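Before any comments, here is the structure.
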2 protein chains.
Amino acid sequence: MKKITERLAGLRGSLKRDSIAAFIIPSTDHHFGEYIQRHFSCREWLSGFTGSAGTLVVTEHKAALWTDSRYFVQARQELLGSGIELMKMRLAGTPTIAEWIKKEVDNGSSVGVDPMLFSKGEFESLSAELYPLKITLKDDPFNEIWSDRPPVTFNKATLQEISLGGSDSKSKLKFVIQKLNIEKDLIYILSSCDDIAWLCNIRGTDIPFNPLLISYAAFTKERIYLFASGEAFSNVEESMLRDSGVELYNYYEFQEFIKGFNRDYIRVAPIDKISVKIFNNSVSAGATFVPDPIRGGVIASLKAVKNSVEIDGFRKAMLYDGVAWVKFWIYLEEELERGSQNLTEEIVANKIGEIRGEFSEYKGESFSPIVAFGENGALPHYSPYGNGPVKIGGDSFLLVDTGAHYPFGTTDTTRTFAIGTLTQEQRRDYTLVLKGMINLSMARFIKGTRGASLDFLARGAVSSAAKIYTHGTGHGIGHNLCVHEGPQSIRMEENPVPLESGMVISNEPAIYEEGSYGIRIENTILCKKWVENKYGEFYEFETLTLVPIDLTPVDRQLLSPEAIQWLNNYHSYIYIKLSDMLNEKEREWLSVKTLNIN
Amino acid sequence: MKKITERLAGLRGSLKRDSIAAFIIPSTDHHFGEYIQRHFSCREWLSGFTGSAGTLVVTEHKAALWTDSRYFVQARQELLGSGIELMKMRLAGTPTIAEWIKKEVDNGSSVGVDPMLFSKGEFESLSAELYPLKITLKDDPFNEIWSDRPPVTFNKATLQEISLGGSDSKSKLKFVIQKLNIEKDLIYILSSCDDIAWLCNIRGTDIPFNPLLISYAAFTKERIYLFASGEAFSNVEESMLRDSGVELYNYYEFQEFIKGFNRDYIRVAPIDKISVKIFNNSVSAGATFVPDPIRGGVIASLKAVKNSVEIDGFRKAMLYDGVAWVKFWIYLEEELERGSQNLTEEIVANKIGEIRGEFSEYKGESFSPIVAFGENGALPHYSPYGNGPVKIGGDSFLLVDTGAHYPFGTTDTTRTFAIGTLTQEQRRDYTLVLKGMINLSMARFIKGTRGASLDFLARGAVSSAAKIYTHGTGHGIGHNLCVHEGPQSIRMEENPVPLESGMVISNEPAIYEEGSYGIRIENTILCKKWVENKYGEFYEFETLTLVPIDLTPVDRQLLSPEAIQWLNNYHSYIYIKLSDMLNEKEREWLSVKTLNIN
């Protein structure tokens, strides 16, 4: 822990020179995505806490880390002896960051933040909360104190073909401008790498699990300016980009570009996706800033609605992934049958990747897989890595949540397998989770309906047994992009974005029995047109995922005839779609797994 | 229509003298309730439009009336020849009131409103929308131009006994102050007559359908100031009020009282329930105003949660009303059986009141009843009065929506009866409405759940047939107070108020086939504690209404075994509860109506 103390001392020295009484270090990078490169893991480096979510605040004599319930145990262990106080978010009595700082520092003090790590929106809220304390913008202080800090790395990127994305950048730009519907000349500022990847039809490998390249972009009504590393594209690719309306510039020129751009053009961006630094640069020439009025930004709202080529790509990805799951499940059964003593969560997690690796089109995992046996399954974001070998055996559930990227689509599937003998309660809980998943799958609703209206279809089955899951039921899924994508969701919490035809969403109710077991069943569903009549247009869901559901724990008495029929149809459909891609043995196995129940 | 032209000319003269270019006349009174006395129906008097909802705007040369889809047909007929333009609200292309005014009047003009008819909240929104036009506050101009304007009438009021309301005013005040949790000295301003009736345990007959007296009130942490008419209470009652912490003053002294109250006390009120005039008076002494942060105000939020005495009262009211409905349904069947040619909607509507009138405790209808045969049922707010005689006969549905006030509770029930032979589609629609109603009735959910999360349980059954209903599924119901009561609701639209144990709500999905038929089935449900465990507290609904549901149109194939079981249990329960209160013939009839289906 001496290391941590020294590092904190280094930062404190830097803060003292700038008369900053408290410094806030979030977990993000300059692009506000879900995953970051090591270069940006300053919060982890400084605190020793390795969880993905957390904010560290350092004052002259104290330091405190805010994180959420997923990480309470891990944070307590990792912070032990560091002198850093753990702040359990959303528990009664836990102060907010602003409340804590106001108590710790003198009135009239200054609070420091790195203006590249706070969005304009976050900054505004923080300023209001910290009032009357002032905020000092302090550029990244870690270069001087983190001697072996890894550099930002840029890899080679690729262009996404029209045959995979369905629309070229010129058409997308047209569509974006039309939806924005702003009369004045404008320059729209993009910092989100997935928004940029979608608009420019490019993909990269700079970020773990997200097929993105680190980049900025901007567009006017006429053209797109892309700022990426010199390594990213070949000359041929650069000229292809130019042909599709995308001009390539150096990543590090972006800030000067924005600063110097014609001041008569209004600046537009979603205020939660533009850093304070870039915001300030964008208006430093006296230009006017207009926040994008669309939730999450115009690009996110268009990106969320998949075109027919993307949808067909998803369907294809599900075929591949379905085959991989079949092979995986057979492997699992055989290992368990022969009484393997060496089967661990980590081995199982690696096996899935290995099986997918047999497809030449496989591009990697869409998130870090969750393979959790028994009580580990009760931790919604459990990782099978770094816990030592956890054997799979005895009587409980094995929860497997994994997804893949293919050039034509992204998958995200959870299945929970019965291992050994289950209790009555376990069978009931499993059936209710399944029931909830099916209830949502069968929904039919009028255009304009929000995800929040549908959430209880899944959640209600779980709460009928006086149980809950505290996460959302569904998140948007990108097309060979981020597996967690906005702006739509299916959650208890209000989200004003209505579901639209073409949106791809997860459907994943769950039950977590702390210290005992976890159950989650997750399909990917497509919102699409069902019928249109005098009342309007109605939507329904098509289930894209093609992975059989373990029927051994199902208590049929708890399922309605409609739900049983849905399940039988689903399994029959899986057999029809996958059987041609399987060998004789696998096909026979699948025919048994997909037998109708009644 | 000459009358209307003359009246408009009268108003225009008055506006001209004050240099007002446009005047906005809403449909409300000084207390922002659902129903008003004739004295306040200025919008109706001036326009000739008799609907309950509508806003009239008058400029020097034009006039326009905004109303919603319920009233499009009626408004078109009633405005014919008046020169007043009909503005169909929420249709594409219809300007908002502010948009229209901005187009019609010169920049720099002034828009007039009566400051007693706009809440502070509405006024703020309107000001923003009308900017840069200014608003001129103009006190009620109708006294001088409406020569035979009826006066405001005040009737004798009554005190509500503790045995009916369960809590005295002193205890309520304590509870209110505790929930408000404001440290400073405060005076809270109440304009809503139902908030006042609840706090002071008083009831009146000044307003149609709402058992309220026209009144204002204010309270500090120590006492309640009630402003009512001198006619309202006897000396004995006044002294009883004083004993319970309520000091009585003259209604017309309220504004001066607020103006003159100790300026060191902060003024508190819900900004949507305090008129601009009273708001201005309240701060005219330099006092500080703090809006009540609780949605709808602290009183509404406490009033919505019924205590055990009120809940028992509701149960008793449902017994009475259940008996009335049994007698009514028998009457209806007998009339139809003997082929009565004289059975009209109006006769049927009056019959229900007549039957209830046999109970000495019956206090009147809780809203204007809806009795709608065939295509009339497709109008959600249809009235059986004033359409000439509409005969009930032939093949269709008869929709009956009616409620009553008793000193111990308020009811609101809709039943739809099959008359003659129904089509397959009618049977299906009826069953789906019933299914939706049952789905919501069976919900079990964790504390903190909002009505918006549960709405689709009912709505989804209807949209499964590609149909909709455009109103909410449920509204709060007052205890011998307003039949429509906030702040909770069960609607598609977001409402951040969670359902709480003790809330009484309607459950009324529907299908309206324009020009053909309407189906609505409405029960009153009570949200109450189900179980508590390590996850938290879970709620369920108890159905309070005790009125059998017509089973003849039910297509059992469309109901799940769970729903059928719910229905059978419900009918068995009704029989048990009501049979002792019925005569032999009625009891036998009910035993047939409540037979189990399977």
Residues of region B:46-76 classified as loosely packed, with under 14 Cβ neighbours inside 10 Å and at pLDDT below 90, total: 2
Positions within region B:334-349 being of a type outside the set (A, V, I, L, M) and in contact with a strand residue (DSSP E or B) (Cβ under 9 Å, 6 or more places away or on another chain), in sequence order: B:Gln341, B:Asn342, B:Thr344, B:Glu345, B:Glu346
Residues within region A:1-45 that are farther than 30 Å from A:Asn107 by Cβ, of a type outside the set (A, V, I, L, M, F, W, C) and in contact with a strand residue (DSSP E or B) (Cβ under 7 Å, 6 or more places away or on another chain), tallied: 1
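So is A:Asn439 polar (S, T, N, Q) and within 21 Å of the chain's Cα centre (by Cα) or not?
Criteria not met by A:Asn439.
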When residues of region B:223-235 are limited to those that are surrounded by fewer than 17 Cβ atoms within 10 Å (Cβ to Cβ) and either of a type outside the set (Asp, Glu) or modelled with pLDDT of 95 or more (or both), the one nearest to B:Phe257 (Cα to Cα): B:Arg223
Conditions (1) surrounded by fewer than 19 Cβ atoms within 10 Å (Cβ to Cβ); (2) assigned to a loop (DSSP other than H, G, I, E, B); (3) touching a residue at least 60 places away in the same chain (Cβ under 8 Å): number failed by A:Gly93: (3)
Subset tally (residues that are surrounded by fewer than 24 Cβ atoms within 10 Å (Cβ to Cβ), in contact with a Lys or Arg (Cβ under 9 Å, 6 or more places away or on another chain) and of a type in the set (Gly, Ala, Ser)) for region A:410-445: 1
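Residue-by-condition table, conditions (1) crowded, with 17+ Cβ neighbours inside 10 Å; (2) without any contact (Cβ under 8 Å) to a residue 12 or more places away in the chain:
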position	(1), (2)
A:Ala349	yes, no
A:Gly357	no, yes
A:Ser360	no, yes
A:Ser366	yes, no
A:Ile370	yes, no
A:Asn376	yes, no
A:Leu379	yes, no
A:Pro384	yes, no
A:Asn387	no, no
Residues (in a helix (DSSP H, G or I), surrounded by 15 or more Cβ atoms within 10 Å (Cβ to Cβ) and either touching a His at 6+ places or on another chain (Cβ under 7 Å) or not aliphatic (A, V, I, L, M) (or both)) located in region A:560-577: A:Gln565, A:Trp566, A:Asn568, A:Tyr570, A:His571, A:Tyr575, A:Lys577
Test set (1) over 20 Å from B:His471 (Cα atoms); (2) in contact with a helix residue (DSSP H, G or I) (Cβ under 8 Å, 6 or more places away or on another chain) - B:Gln341 fails condition number: (2)
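For region A:135-160, which residues satisfy the criterion of being in contact (Cβ under 8 Å) with a residue 12 or more places away in the chain and surrounded by fewer than 13 Cβ atoms within 10 Å (Cβ to Cβ)? Even if it seems obvious, please write down each step before you answer.
Within region A:135-160, the first condition is being in contact (Cβ under 8 Å) with a residue 12 or more places away in the chain, and the residues that meet it are A:135-142, A:144-146, A:149-160.
If the condition is that a residue be in contact (Cβ under 8 Å) with a residue 12 or more places away in the chain and surrounded by fewer than 13 Cβ atoms within 10 Å (Cβ to Cβ), then A:Asp139, A:Glu144, A:Pro150, A:Pro151 are the ones that fit.
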Count of residues meeting criterion [crowded, with 19+ Cβ neighbours inside 10 Å, polar (S, T, N, Q) and part of a helix (DSSP H, G or I)] in region B:262-299: 2
Residue pairs meeting the criteria (Cβ under 8 Å; at least 6 apart or on separate chains; first within 14 Å of chain A (Cβ to nearest Cβ) and closer than 27 Å to B:Leu434 by Cβ, in region B:518-536; second basic (Lys, Arg) and surrounded by fewer than 24 Cβ atoms within 10 Å (Cβ to Cβ)): B:Trp530/B:Arg444
Selection within region B:537-554 - over 28 Å from the mean Cα position of the chain (by Cα) and either within 14 Å of another protein chain (Cβ to nearest Cβ) or not in a loop (DSSP other than H, G, I, E, B) (or both): B:Glu537, B:Phe538
Count of residues meeting criterion [among the hydrophobic types (A, V, I, L, M, F, W, C) and not in a helix (DSSP H, G or I)] in region B:105-163: 14
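Go through region A:345-366 and report how many residues are within 17 Å of A:Phe314 (Cα to Cα) and of a type outside the set (S, T, N, Q). Reasoning before the result, please.
Here is the first cut: in region A:345-366, the ones within 17 Å of A:Phe314 (Cα to Cα) are A:356, A:359-366.
Within this subset, residues satisfying the condition of being of a type outside the set (S, T, N, Q) are A:356, A:359, A:361-365.
Matching residues across region A:345-366 total 7.
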Residue in region B:578-598 that is buried (at least 20 other Cβ atoms within 10 Å of the Cβ) and within 13 Å of chain A (Cβ to nearest Cβ) present: no
Some residue of region A:390-401 being touching a Pro at 6+ places or on another chain (Cβ under 7 Å), of a type in the set (Asp, Glu) and more than 23 Å from A:Cys193 (Cβ to Cβ): yes
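Looking at region A:457-493, which of its residues are among the acidic types (Asp, Glu) and closer than 30 Å to B:Trp530 by Cβ? Walk me through it before giving the result.
Filtering region A:457-493 for residues among the acidic types (Asp, Glu) gives A:485, A:493.
Correct list: A:Glu493 only.
When you scan region B:508-536, how many residues do you find that are within 24 Å of B:Val400 (Cα to Cα) and not in a strand (DSSP E or B)? Step through it out loud before you land on a result.
To start, the set of residues in region B:508-536 that are within 24 Å of B:Val400 (Cα to Cα) comprises B:508-526.
Within this subset, residues satisfying the condition of being not in a strand (DSSP E or B) are B:508-509, B:514-516, B:521.
Total satisfying the criteria: 6.
Please determine whether any residue of region B:212-222 is farther than 20 Å from B:Pro291 by Cβ and surrounded by fewer than 19 Cβ atoms within 10 Å (Cβ to Cβ).
Filtering region B:212-222 for residues farther than 20 Å from B:Pro291 by Cβ gives B:212-215, B:222.
Okay, now just the ones that are also surrounded by fewer than 19 Cβ atoms within 10 Å (Cβ to Cβ), so B:222.
So far as region B:212-222 goes, yes, one or more of its residues are farther than 20 Å from B:Pro291 by Cβ and surrounded by fewer than 19 Cβ atoms within 10 Å (Cβ to Cβ).
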Selection within region A:350-366 - touching a strand residue (DSSP E or B) at 6+ places or on another chain (Cβ under 9 Å) and of a type in the set (Asp, Glu): A:Glu361, A:Glu365
Identity of the residue in region A:390-409, touching an Asp or Glu at 6+ places or on another chain (Cβ under 7 Å) and over 19 Å from A:Pro509 (Cα atoms), that ends up modelled with the lowest pLDDT: A:Val390
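Please go through region A:561-574 and give me each residue that is in contact (Cβ under 8 Å) with a residue 24 or more places away in the chain and within 14 Å of chain B (Cβ to nearest Cβ), ordered by number. So that I can check it myself, show each step before the final result.
Kept after step one, since they are in contact (Cβ under 8 Å) with a residue 24 or more places away in the chain, are these residues of region A:561-574: A:562-564, A:566-568, A:570-574.
Result: A:Glu562, A:Ala563, A:Ile564, A:Trp566.
Condition first: surrounded by 14 or more Cβ atoms within 10 Å (Cβ to Cβ) and over 28 Å from A:Phe40 (Cβ atoms). Now tell me which residues in region A:176-200 satisfy that.
Of region A:176-200, the ones surrounded by 14 or more Cβ atoms within 10 Å (Cβ to Cβ) are A:176-177, A:180, A:182, A:186-200.
A:Val176, A:Ile177, A:Leu180, A:Ile182, A:Leu186, listed by residue number.
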Options B:Pro141, B:Pro132; residue that is touching a Leu at 6+ places or on another chain (Cβ under 7 Å) and not assigned by TED's automatic domain parsing to the domain that holds B:Gly260: B:Pro141
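The values are calculated or read from the model by the stated rules, or taken from the named source; none is laboratory data. These figures come from a predicted structure and were not determined experimentally. Here Cβ is always computed from backbone atoms with ideal geometry, including for glycine, and neighbour counts include all displayed protein chains.
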